[in-house]
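Here the structure comes first, spelled out in structure tokens, and everything after it is commentary.
The values are calculated or read from the model by the stated rules, or taken from the named source; none is laboratory data. Since the model is a prediction, treat every value here as computed from it, not as a measurement. Here the Cβ is made from the backbone with ideal geometry for all residues, glycine too, and neighbour counts use every protein chain on show. Heavy atoms of the whole protein, side chains included, go into the accessibility calculation; ligands, DNA and RNA do not. Shrake-Rupley method; radii C 1.70, N 1.55, O 1.52, S 1.80 Å.
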Amino acid sequence: MNPEKLAKLQAQVRTGGKGTPRRKVIKKPTRTVAKEDPKIASTLRQLGVQPIPDIETINMFMEGGKVMAFNVPRLSANVNANTFVISGKAEEKSPEQALTEMISRMGSFGPESLSQLAKMTEGLQAGTDAGDVDDDIPELISAGENADEKPVDLETTD
């Protein structure tokens, strides 16, 4: 045999014997698709929850001072019934870790959100409830206080 032809054939080595494909088949790892339990799915349908997309993280502040953090959770909600369903992998964090992550994400929203977050951290360090940050909420005005004002008629057109 010709040595050039032999070298050419050696470069095109088959992976198997006669009848095997000439190209290699790359096996891709199979992804396990997380199937929802049918009972859970039927219960969610009965609750009437709708999925809310594009949620990056959810932090739940627990009574013991820990924070339960969900990264890329599936969030479904029925706002009329005040029902929220969070599913995903959760991990416990300290409040300091969770708040530093929140500050890094909220930096682009402006100083108002950072000042509220600073009040929350002060409340956590002092041992008070983090929900007592409603000092900036103005009081509602009842209808009786502005009775001397003339009502506006929206039906008349000029």
message: A 26 angstrom limit on the alpha carbon distance is what I want to check against. Which of 39/89; 8/28; 39/66; 93/119 exceed it?
response: 8/28; 39/66
task: Rank these residues by their accessible area, most exposed first, probe 1.4 Å: 49, 67.
output: 49, 67
- request: Could you please report the charge total around residue 68, scoring K, R as +1 and D, E as -1 over all other residues with beta-carbon less than 12 angstrom from its beta-carbon?
  value: 0
